[in-house]
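Everything below concerns the one structure shown next.
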Amino acid sequence: MDAAELSVIAGPTAAGKSAIALALAERSGAALVSADSRQVYRRFDIGTAKPSAEERERVPHHGVDVVDPTERYSAARFAEDAERWIGEERAAGRRPIVVGGTGFYLRAIFEPLFAEPPMDPAARAALQSHLAGLSSEELRRWCAELDPARAALGRTQLLRAIEVALLAGQRLSDLHARPARPPRFRARYLVVDPGPVLHERIAARVDRMLDAGWPEEVRQLLADVPEEAPAWNAAGYAVVRRLVRGEISRMHAREQIIIETRQYAKRQRTWLRHQLGAAPVTMVNPDAADAVAIVNRWWAGGTE
């Protein structure tokens, strides 16, 4: 069976892809499938830039608030869930749009999946607790020894690679190279990127998040979410924890979050430059005068 074509709006964090996707979905009656590894966790709202309740009422959303903060949610599980959501929306007569910047989630949809190796739950919990106290650079050094091919990735991916290498005795990079089944979908990409002004957009969004109550959200989460919970790995949350505890000033926290987010955006851009393969790609600067026209032409070119 030929792979079905699927529309994807991708781009680095804070580029404006969510706004474009929401506006397009409202105009066309489409539904959105979030491919964001941070937004799957319930209660981690402000720091993950989740769509608001009002936005989710206007347009059907999937991939948001899927699991509790303590649950491990893998790319393989996302691919299974996404396939179901996509099927449900098509059955309802709505065209699905995948939206996101998490490369390994997108890869899980469009490239063959591997079978996840079994791992002892108790050993896994103990290892996660230990690794949670390590800095990203320390994790990177571990990963360079255990699975060098994944050592340049973000914190969440580093943790996963270390976990699989130590508990399953296999490199995650090797597992990714072993396809389990042919892909069900092929992508048409709209890549949203405002260029150099992304740095300013990131800084402005961090300010909005802090003003919107991100520290208070973290204070409430600390009351009952263990510090080794996977949800805490979302960018910026470790820094805001230190702010809430009085270990750093708001100014210092702001600077650290901006740096961390810009580094994350750089990794996303690198992934998008090198991992889209032969899939058709349309680029759009959301600030350009012809942005809406470019988006509409891209949407009209789809076959769904």
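The values are calculated or read from the model by the stated rules, or taken from the named source; none is laboratory data. Please read these numbers as outputs of a predicted model, since none were measured by experiment. Glycine also receives a Cβ, built like all others from the backbone with ideal geometry; neighbour counts cover every protein chain displayed. Accessible surface areas use protein heavy atoms only, side chains included; no ligands, DNA or RNA. Shrake-Rupley method; radii C 1.70, N 1.55, O 1.52, S 1.80 Å.
With (1) within 22 Å of residue 187 (Cβ to Cβ); (2) in contact with a helix residue (DSSP H, G or I) (Cβ under 8 Å, 6 or more places away or on another chain); (3) not in a strand (DSSP E or B) as the list, and residue 33 as the residue in question, which single condition is left unmet?
Residue 33 satisfies every listed condition except (3).
Quick one: would you say residue 254 is at pLDDT 95 or above, surrounded by 15 or more Cβ atoms within 10 Å (Cβ to Cβ) and within 18 Å of the chain's Cα centre (by Cα)?
Details: at pLDDT 95 or above: yes; surrounded by 15 or more Cβ atoms within 10 Å (Cβ to Cβ): yes; within 18 Å of the chain's Cα centre (by Cα): no.
So residue 254 fails the test.
Scan segment 237-250 and tell me whether some residue there is aromatic (Phe, Trp, Tyr), out of contact with any helix residue (DSSP H, G or I) (no Cβ under 6 Å at 6 or more places or on another chain) and under 17 Å from residue 36 (Cα atoms). If you could, list the steps in order and put the result at the bottom.
Here is the first cut: in segment 237-250, the ones aromatic (Phe, Trp, Tyr) are 237.
With the extra rule that they be out of contact with any helix residue (DSSP H, G or I) (no Cβ under 6 Å at 6 or more places or on another chain), the set shrinks to none.
No, that holds for no residue.
Keeping to segment 24-49, report how many residues are without any contact (Cβ under 8 Å) to a residue 40 or more places away in the chain and among the aliphatic types (A, V, I, L, M).
1
Does residue 217 count as out of contact with any helix residue (DSSP H, G or I) (no Cβ under 6 Å at 6 or more places or on another chain) and at pLDDT 95 or above? Even if it seems obvious, please write down each step before you answer.
Details: out of contact with any helix residue (DSSP H, G or I) (no Cβ under 6 Å at 6 or more places or on another chain): no; at pLDDT 95 or above: yes.
No, not satisfied.
Name the residue, out of 31, 115, that is open to solvent by 20 Å² or more (accessible area, probe 1.4 Å) and either at pLDDT below 95 or not β-branched (Val, Ile, Thr) (or both).
Numbers: 31 fails: open to solvent by 20 Å² or more (accessible area, probe 1.4 Å).
Just one listed residue meets the conditions, 115.
List the pairs whose first member sits in segment 225-248 and is farther than 16 Å from residue 65 by Cβ, whose second member is open to solvent by 30 Å² or more (accessible area, probe 1.4 Å) and of a type in the set (Gly, Ala, Ser), and whose Cβ atoms are under 8 Å apart, counting only residues at least 6 apart or on separate chains?
Every condition considered, the pairs that remain are 227/132; 228/125; 228/129; 228/132; 232/132; 232/238; 243/249.
For segment 59-74, state whether one or more residues are part of a helix (DSSP H, G or I), of a type outside the set (Ser, Thr, Tyr) and out of contact with any strand residue (DSSP E or B) (no Cβ under 9 Å at 6 or more places or on another chain).
Within segment 59-74, the subset part of a helix (DSSP H, G or I) is none.
So far as segment 59-74 goes, no, none of its residues is part of a helix (DSSP H, G or I), of a type outside the set (Ser, Thr, Tyr) and out of contact with any strand residue (DSSP E or B) (no Cβ under 9 Å at 6 or more places or on another chain).
Which residues, taken from segment 152-207, are β-branched (Val, Ile, Thr) and in contact with a Cys (Cβ under 8 Å, 6 or more places away or on another chain)?
Applying the first criterion (β-branched (Val, Ile, Thr)) to segment 152-207 yields 156, 162, 164, 191-192, 197, 202, 206.
Within segment 152-207, 162 is the sole residue that qualifies.
How about segment 60-87: which of its residues are farther than 28 Å from residue 226 by Cα, surrounded by fewer than 19 Cβ atoms within 10 Å (Cβ to Cβ) and either touching an Asp or Glu at 6+ places or on another chain (Cβ under 9 Å) or touching a residue at least 12 places away in the same chain (Cβ under 8 Å) (or both)?
Correct list: 60, 83.
Does any residue of segment 90-104 turn out to be farther than 19 Å from residue 26 by Cβ, at pLDDT below 95, surrounded by 19 or more Cβ atoms within 10 Å (Cβ to Cβ) and hydroxyl-bearing (Ser, Thr, Tyr)?
From segment 90-104, those farther than 19 Å from residue 26 by Cβ are 91, 101-104; that's our starting set.
Filter again for at pLDDT below 95, leaving 101-104.
Next cut, surrounded by 19 or more Cβ atoms within 10 Å (Cβ to Cβ) only: 101-104.
Of the ones still in play, those that are also hydroxyl-bearing (Ser, Thr, Tyr) are 102.
Yes: segment 90-104 contains one or more residues that are farther than 19 Å from residue 26 by Cβ, at pLDDT below 95, surrounded by 19 or more Cβ atoms within 10 Å (Cβ to Cβ) and hydroxyl-bearing (Ser, Thr, Tyr).
Restricting attention to segment 276-295, and to residues there that are open to solvent by less than 80 Å² (accessible area, probe 1.4 Å) and under 24 Å from residue 153 (Cα atoms), which single residue is modelled with the lowest pLDDT? Spell out how you get there, then give the answer.
To start, the set of residues in segment 276-295 that are open to solvent by less than 80 Å² (accessible area, probe 1.4 Å) comprises 276-277, 279-282, 284-286, 288, 290-291, 293-295.
Checking which are under 24 Å from residue 153 (Cα atoms) leaves us with 276-277, 279, 281.
Numbers: 276: 89, 277: 82, 279: 91, 281: 96.
Taking the candidates together, the pick is 277.
Tell me whether segment 37-53 contains one or more residues that are open to solvent by 30 Å² or more (accessible area, probe 1.4 Å), more than 27 Å from residue 238 (Cβ to Cβ) and in a helix (DSSP H, G or I).
No: segment 37-53 contains no residue that is open to solvent by 30 Å² or more (accessible area, probe 1.4 Å), more than 27 Å from residue 238 (Cβ to Cβ) and in a helix (DSSP H, G or I).
Among the residues of segment 199-212, is there at least one that is assigned to a loop (DSSP other than H, G, I, E, B), without any contact (Cβ under 8 Å) to a residue 60 or more places away in the chain and farther than 16 Å from residue 46 by Cα? Before you say what the answer is, go through the steps one by one.
If we filter segment 199-212 for residues that are assigned to a loop (DSSP other than H, G, I, E, B), which is where we start, we get 212.
Now narrow it down to the ones that are without any contact (Cβ under 8 Å) to a residue 60 or more places away in the chain: none.
Looking for residues that are assigned to a loop (DSSP other than H, G, I, E, B), without any contact (Cβ under 8 Å) to a residue 60 or more places away in the chain and farther than 16 Å from residue 46 by Cα, one finds none in segment 199-212, hence no.
Being modelled with pLDDT under 95 and more than 23 Å from residue 266 (Cβ to Cβ) narrows it down to one of 164, 225, so name that one. Full working, then the answer.
Working: 225 fails: modelled with pLDDT under 95.
Going through 164, 225 in turn, just one is modelled with pLDDT under 95 and more than 23 Å from residue 266 (Cβ to Cβ): 164.
For segment 143-191, which positions are open to solvent by 50 Å² or more (accessible area, probe 1.4 Å), in a loop (DSSP other than H, G, I, E, B) and aliphatic (A, V, I, L, M)?
Answer for segment 143-191, where residues must be open to solvent by 50 Å² or more (accessible area, probe 1.4 Å), in a loop (DSSP other than H, G, I, E, B) and aliphatic (A, V, I, L, M): 152, 153, 177, 180.
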